[in-house]
Amino acid sequence: MQHDSVTLPDPATLHPNWKRDDHLIALLARNARDYPKGVAMRERDRGIWHEITWPRYLDAVLCLAAGLEEQGIKAGDVVLVTGDNRAQLYFAMLALVTLRAIPSPAYSDAQPEEVLGQMQRENIRAAIAEDQEQVDKIQSVRDRHPELRAIFFDDPRGLESKAPAGARALEDVAEAGRRRLQVTPGLREDLISRPSVHDVAVLLHSSGTTGAPKGIPLKHGHVLAGVRNAAAAGYFHVGEEHMAYLPMAWVGDFSFSIAAGLELRFTVNIPENQETALHDLREIAPTLYFASPRAWSSMLTRVQVGIAETTGLKRWLYDHFMPFAVRLERARLDDRSPNALQRLWHGVGEAVIYGPIRDQLGLRRVKRAYTAGEAIGEDVFLYFRALGLNLRQFYGQTENCALAVAQSPEDVSLTTVGRPFPGVDLRIDEQGEILLKGDNIFDGYFQNEKSTAETLRDGWLHTGDAGEFAADGQLVVLGRLSELVHKADGTRFIPTWLENRLKFSPNIRDVCVIGAGKDFLSAIVCIDFESVGHWAQEQGISYSSYAELSQRPQVIALIRDEIARLNAAVPETLFIQRFVNLHKEFDPDDGEVTRTRKLRRNVIDDRYGAIIDAIYDGRDGIDYEAKITYETGQSGTLTRHLAITDLPERRA
C-alpha cells in the first residue's frame with residue numbers, strides 16, 4: 001500500500017531542538033512502564049464504564065500495529081479513519097502512527113461524496129470505520145476509488161455475515177497481531193522504537209469554505225510542542241479528567257484526547273454515543289472542559305428551560321441569585337472586588353443555586369473551562385463565570401495545533417482572546433494580519449506547495465485572520481481577512497464579525513450578512529428551532545414545522561429586536577437594514593456550511609440568489625421554491641412565502 005509520502009522541508013533544519021525519540025508512542029510506553037495501575041481511558045458501553053489502564057492501552061495499540069502491518073499497512077500510507085469517539089479508533093490511529101503510517105480522520109457525518117474526495121486527494125488505500133453505517137458509506141463510493149483495498153471495522157453488528165470484500169473486524173486484526181507479537185522476539189520493542197518526532201502523527205483538514213479542504217499534516221513534534229506550551233501556561237495540568245466528545249476529525253480532539261492525554265496522563269472518558277454525551281458528562285465530572293460558544297449557549301438554554309419548568313420556590317431563588325452573581329462577575333471583570341456582605345451572600349447562592357446547577361450540568365469538578373472557534377456572547381460568557389466556572393477564551397487553528405493564544409485567569413476579558421503561550425511568537429503585520437511562529441506551527445500543506453508558500457513565509461504562519469492588540473496587550477481577533485469586503489460607498493466590513501455577534505443570541509443559530517457592493521447590509525437568518533420553539537410555546541404561539549415557526553409575525557419581531565440590538569452597538573454605516581428568516585437551517589449536507597458550521601458564502605449566494613435579489617429590490621416578501629430531497633432519493637420543490645423585514649435606517 002506504499003505511495004508517495006508527504007513532501008515537506010528538511011525536518012532537522014526546521015526543528016533543530018526536537019529529539020528523535022520524543023514521540024507519542026514513546027510517551028505511551030513510558031506511561032505503561034511507570035504508571036501500570038493508572039487509568040488511561042474509560043469507555044461507556046451498554047451503560048457500563050470500562051476502565052483501560054496504561055499497559056492495556058499500549059498492548060491494544062501494539063497488537064493492532066502488528067496486525068495491520070500483517071495486512072499490508074506500511075510507512076507513508078494514508079489511512080482513512082471515520083466514526084464517533086471510540087477507544088478502538090484511538091488505538092487504531094496510534095497503531096498507524098506506530099507503523100509510521102498516517103491516520104486521516106473524516107467527520108462521522110460526512111457525506112459519501114466528501115469521503116470520496118478525501119480518499120482520492122490522498123490516494124487512500126485502506127480505511128478504518130466505526131460501524132456498519134460508516135462501512136456502508138465507504139462502500140457506496142468504493143467503485144469510484146478502486147485503489148481502496150481494505151476496510152477495517154470496530155463494531156461488527158450488522159457486518160458479521162455481510163461484510164464487503166476486503167473488510168475485516170479490527171478485533172480479528174488485533175488478535176492476529178497478538179499472536180505475531182508472541183512468536184516474534186523483539187517485535188514489541190521494534191514497534192515502539194520505529195516512530196520519529198519528525199513523522200506525521202495525523203493528517204487533518206481545513207474547513208474548505210472556498211474549495212476542497214486542504215490536508216494539514218501535524219507531526220509528533222508539533223502537537224507535543226503545542227501541549228507543552230499550553231501546560232507551561234497552566235492551560236493543562238497532569239492527570240486531568242477529560243471527556244472525548246469532540247469530532248475525531250477536529251484538531252482539538254487530537255490535541256486534547258491523544259497528545260495531551262499521553263503527555264500529561266489524562267484519563268480520557270469516552271461517552272456511549274453523541275446522544276448520551278450530556279448525560280454521561282455528569283457521571284464523568286471532568287476537571288477540564290472545552291465547548292464551542294454555540295454549545296455553551298445551548299447549555300444555558302437548557303438551564304433556562306429547566307428553571308421555567310421547576311417549582312415556584314426554585315424559580316424565585318434562581319431569579320434572585322443568578323442576576324446577583326452576574327452583577328458581581330461584571331464588577332470583578334472591571335477590577336471591583338466584592339465586599340464582605342456580597343461574599344457572604346454569594347456563599348449562600350453557591351449552596352442553593354450555583355453549585356447544584358454545575359452539578360446538574362456535570363461541571364462541578366471543572367477547574368479549567370474553555371471556549372474557542374468564534375466570539376462568545378457577553379451574556380453567555382458572564383453567565384457561566386457567574387455560575388462559578390473560570391471560563392476563558394483561546395485562539396488557535398489546525399495549522400498551529402489549536403494551541404497558540406489564551407486568556408490567563410488574571411486576563412479574562414469579554415473582547416479579547418488573551419496572550420500567546422510560552423514558545424509562541426505573535427505579531428500583527430502592516431495589513432493587520434495575525435502572524436504566529438513556534439514549534440507548534442505545521443510545516444506545510446499536504447502535497448500543496450502553492451498554499452504552503454502563501455501561508456508560511458520567513459518562518460511565520462500567516463493565519464488569514466485580522467487582529468489588533470488591546471490596550472493591555474491582549475489579542476483581539478476581528479475576523480477573516482479574506483472576508484473583508486466593501487459596500488458600494490467603500491465602507492469596509494467583515495461579515496463574520498457582525499454574524500458572530502448576532503449569534504450571541506440563543507434565538508439565532510446561523511446568519512449570513514450580505515452587503516458586498518451593495519448600498520446597505522442585509523441578513524439571511526436561521527432561527528434556533530429549540531430556543532425559539534420554547535419561547536413560542538411560552539407565548540402560546542402554535543406551529544407545526546421549522547418553516548412555519550420562522551414566519552410567525554411574533555418570531556419575525558423577535559429576530560428584528562435582536563438585530564436592532566446589534567445596530568445600536570455598531571456605526572450606522574454597518575447597520576443591517578433588511579432581513580429574512582429562512583425556512584430551514586443552513587445544512588452541511590447541502591454544502592451551505594462546513595462540518596464545523598463555517599459559512600460557504602458562494603453556495604449561499606448562488607442558492608438563495610432570488611431571496612437576495614428580493615431584499616435589494618425592496619420587496620416585502622418572496623414566494624421561494626425550495627428544493628427538497630425525500631428519503632427515497634427522489635426530489636421535488638416546495639413553495640414557501642418568506643417575509644422580508646425592514647429595520648430603521650437611523651437610531652431612534
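The values are calculated or read from the model by the stated rules, or taken from the named source; none is laboratory data. Predicted model, so just to flag it, every value in this text is computed and none were measured. So basically every Cβ, Gly included, is an ideal-geometry build from the backbone, and we count neighbours across all protein chains shown.
Structural remarks
- Only one entry of Arg144, Arg178, Arg157 meets the criterion of being among the basic types (Lys, Arg), surrounded by 14 or more Cβ atoms within 10 Å (Cβ to Cβ) and at negative phi, and that entry is Arg178.
- Any hit, segment 53-65, residues being surrounded by fewer than 21 Cβ atoms within 10 Å (Cβ to Cβ), of a type outside the set (D, E, K, R) and in contact (Cβ under 8 Å) with a residue 60 or more places away in the chain: no
- Residue within segment 577-589 that is over 30 Å from Gly211 (Cα atoms) and in the same structural domain as Arg640 (by TED's automatic domain parsing) present: yes
- Of the criteria (1) under 17 Å from the mean Cα position of the chain (by Cα); (2) within 21 Å of Glu51 (Cβ to Cβ); (3) not in a loop (DSSP other than H, G, I, E, B), which one His279 fails: (1)
- Check on Leu638, surrounded by 17 or more Cβ atoms within 10 Å (Cβ to Cβ) and not in a loop (DSSP other than H, G, I, E, B): no
- Close contacts from segment 430-445, counting a first residue that is among the basic types (Lys, Arg) and a second that is assigned to a loop (DSSP other than H, G, I, E, B), with Cβ to Cβ under 7 Å and a gap of 6+ residues or different chains, come to Lys437/Gly459.
Conditions tested, residue by residue: (1) over 16 Å from Ala65 (Cβ atoms); (2) in a loop (DSSP other than H, G, I, E, B).
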| residue | (1), (2) |
| --- | --- |
| Leu148 | yes, yes |
| Gln182 | no, no |
| Leu191 | no, no |
| Val197 | yes, yes |
| Ala201 | no, no |
| Leu204 | yes, no |
| Gly226 | yes, no |
| Ala231 | yes, no |
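- Residue in segment 485-503 that is touching a residue at least 40 places away in the same chain (Cβ under 8 Å), among the charged types (D, E, K, R), surrounded by 20 or more Cβ atoms within 10 Å (Cβ to Cβ) and in contact with a Phe, Trp or Tyr (Cβ under 8 Å, 6 or more places away or on another chain) present: no
- Cross-chain or 6+ apart pairs with Cβ under 9 Å, segment 566-579 first and outside any strand (DSSP E or B), then acidic (Asp, Glu) and surrounded by fewer than 19 Cβ atoms within 10 Å (Cβ to Cβ): Glu572/Glu649; Thr573/Asp489; Phe575/Glu649
- Restricting the first member to segment 457-476 and to residues that are closer than 17 Å to Phe421 by Cα, and the second to residues that are assigned to a strand (DSSP E or B) and of a type in the set (Gly, Ala, Ser), the beta-carbon pairs closer than 8 Å and six or more apart or on different chains are Gln474/Gly418; Leu475/Gly418; Leu475/Gly467; Val476/Gly467.
- Those residues of segment 521-547 which are over 24 Å from Lys627 (Cα atoms) and touching a residue at least 60 places away in the same chain (Cβ under 8 Å), in sequence order: Ser531, His534, Glu538
- Highlighted here are the strands (runs of 3 or more DSSP E) found entirely within segment 34-142 that include at least 2 residues which are under 19 Å from Ala259 (Cβ atoms) and modelled with pLDDT of 95 or more: 39-45, 78-82, 102-106.
- Whether a residue is assigned to a strand (DSSP E or B), buried (at least 20 other Cβ atoms within 10 Å of the Cβ) and not charged (D, E, K, R) was assessed, and Val511 passes this test.
- Set Val251, Val227, Val268, Val238: member being among the β-branched types (Val, Ile, Thr) and surrounded by fewer than 18 Cβ atoms within 10 Å (Cβ to Cβ): Val238
- Pick from segment 391-411, criterion under 17 Å from Ser257 (Cα atoms) and among the aliphatic types (A, V, I, L, M), ranking: nearest to the chain's Cα centre (by Cα): Ala402
The rows are residues; the columns are (1) out of contact with any strand residue (DSSP E or B) (no Cβ under 8 Å at 6 or more places or on another chain); (2) in the same structural domain as Asp528 (by TED's automatic domain parsing); (3) loosely packed, with under 13 Cβ neighbours inside 10 Å.
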site	(1), (2), (3)
Ala277	no, no, no
Arg302	yes, no, no
Ile307	yes, no, no
Phe321	yes, no, no
Asp335	yes, no, yes
Gln342	yes, no, no
Trp345	yes, no, no
Ala372	no, no, no
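- Any hit, segment 69-81, residues being of a type in the set (Asp, Glu) and closer than 20 Å to Glu175 by Cβ: yes
- Restricting Glu410, Glu454, Glu399 to those that are of a type in the set (Asp, Glu) and part of a loop (DSSP other than H, G, I, E, B) reduces the list to Glu410.
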